[in-house]
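Asker: Could you have a look at this structure, given as structure tokens, before my questions?
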Amino acid sequence: MLKVENLVVSYGGIEALKGISLEVPEGKIVTLIGANGAGKSTLLRSIIGLVKPDSGSITYNDKQLMGLNSQQIVENGITLVPEGRRVFPNLTVLENLQIGAYLRNDKDGIAKDIRWIYDLFPRLEERSWQMAGTLSGGEQQMLAVGRALMCRPKVLMMDEPSLGLAPLIIKDIFNIIGEINRQGMTILLIEQNANMALKVADLAYVLETGRITMSGTGRELLENPDIKAAYLGKKK
């Protein structure tokens with residue numbers, strides 16, 4: 001289990017996270033919803049080692065992650081699909097996937113996992129020798145997810161995977177999130193599309209100005225009148 005306890009993160013004296021705690025159980029989809037600037041991306045960047053918290057604790061299966069660098073955290077089984085996709089535009093689809101396996105040296109396993117990624121995302125196989133920078137936004141998002149999966153994580157963190165994508169592509173992305181989870185992947189999902197996120201989530205948290213203000217199952221929050229009014233565009 002991934003656990004965050006009493007995490008405080010500051011930027012220039014301003015607290016972005018104000019003592020938040022949450023749990024991501026094995027095999028579950030956990031989502032964190034909230035407005036822009038609530039601190040959602042800061043949380044993921046803290047877990048993956050890109051931001052140094054002021055205090056608190058981040059553990060995975062009771063091992064302390066705070067103090068480790070990003071590569072060490074990936075080696076411990078946690079990886080991040082960043083907001084904005086950030087594929088390597090001047091490399092091919094296949095080369096981007098191979099970069100995702102940079103910590104591995106099992107050639108047969110890498111080849112098997114590339115086959116798995118192509119089964120998940122047939123469009124990537126069709127474009128395997130195409131430069132990543134020429135892909136559509138949806139295809140780049142698929143590639144970013146595939147690249148992250150190539151390091152065989154136990155926990156996949158995703159930062160706004162639907163951002164800027166067309167509705168049909170968003171549906172495809174969330175179908176893939178569900179499929180990856182059914183195959184055993186633990187997922188921590190940060191998403192502005194609260195409706196889609198809560199529908200797939202086993203557990204959900206609401207983050208507002210650096211504090212967790214509500215938590216429950218995805219279904220509970222989906223039916224909550226306050227959540228409907230604030231995030232789903234529905235009246236109480």
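The values are calculated or read from the model by the stated rules, or taken from the named source; none is laboratory data. These numbers were taken from a predicted model, which means no experiment stands behind them. Using ideal geometry, Cβ is built from the backbone for each residue, glycine included, and neighbour counts are taken over all protein chains shown. Each accessible area value is taken on the protein alone, full model and side chains, heavy atoms only, with ligands, DNA and RNA left out. Shrake-Rupley method; radii C 1.70, N 1.55, O 1.52, S 1.80 Å.
Asker: Give the residue that is least open to solvent (accessible area, probe 1.4 Å), with candidates limited to residues of the stretch 196-221 that are part of a strand (DSSP E or B) and β-branched (Val, Ile, Thr).
Answerer: Val206
Asker: Considering (1) free of Cβ contacts under 8 Å to residues at least 60 places away in the same chain; (2) more than 30 Å from Ala229 (Cβ to Cβ); (3) surrounded by fewer than 21 Cβ atoms within 10 Å (Cβ to Cβ); (4) out of contact with any Ser or Thr (no Cβ under 9 Å at 6 or more places or on another chain), say which one Ile14 fails and leave the rest.
Answerer: Going through the list (1) free of Cβ contacts under 8 Å to residues at least 60 places away in the same chain; (2) more than 30 Å from Ala229 (Cβ to Cβ); (3) surrounded by fewer than 21 Cβ atoms within 10 Å (Cβ to Cβ); (4) out of contact with any Ser or Thr (no Cβ under 9 Å at 6 or more places or on another chain), Ile14 breaks only (2).
Asker: If you check Asn224, Asn181, Asn175, which single one turns out to be without any contact (Cβ under 8 Å) to a residue 24 or more places away in the chain, open to solvent by 10 Å² or more (accessible area, probe 1.4 Å) and in contact with a Gly (Cβ under 8 Å, 6 or more places away or on another chain)? Before you say what the answer is, go through the steps one by one.
Answerer: On the way: Asn181 fails: without any contact (Cβ under 8 Å) to a residue 24 or more places away in the chain; Asn175 fails: in contact with a Gly (Cβ under 8 Å, 6 or more places away or on another chain).
From the options Asn224, Asn181, Asn175, the qualifying one is Asn224.
Asker: Another question, if that's okay. Would you mind finding the one in Pro53, Pro89 that is open to solvent by 40 Å² or more (accessible area, probe 1.4 Å) and not in a strand (DSSP E or B)? Write out each step before concluding.
Answerer: On the way: Pro53 fails: open to solvent by 40 Å² or more (accessible area, probe 1.4 Å).
Every option except Pro89 fails the conditions.
Asker: Can you tell me how many residues in the stretch 179-195 are under 23 Å from Gly164 (Cα atoms) and either in a strand (DSSP E or B) or among the aliphatic types (A, V, I, L, M) (or both)?
Answerer: Count: 6.
Asker: All but one of (1) in a strand (DSSP E or B); (2) acidic (Asp, Glu); (3) at pLDDT 95 or above hold for Asp113, so report the exception by its number.
Answerer: (1)
Asker: Would you point out the residue of the stretch 1-43, among those that are of a type in the set (S, T, N, Q) and not in a strand (DSSP E or B), that is farthest from the chain's Cα centre (by Cα)? Steps first, please.
Answerer: Initial filter on the stretch 1-43 (of a type in the set (S, T, N, Q)): 6, 10, 21, 31, 36, 41-42.
Checking which are not in a strand (DSSP E or B) leaves us with 36, 41-42.
Numbers: Asn36: 16, Ser41: 10, Thr42: 12 Å.
Ranking the candidates gives Asn36 first.
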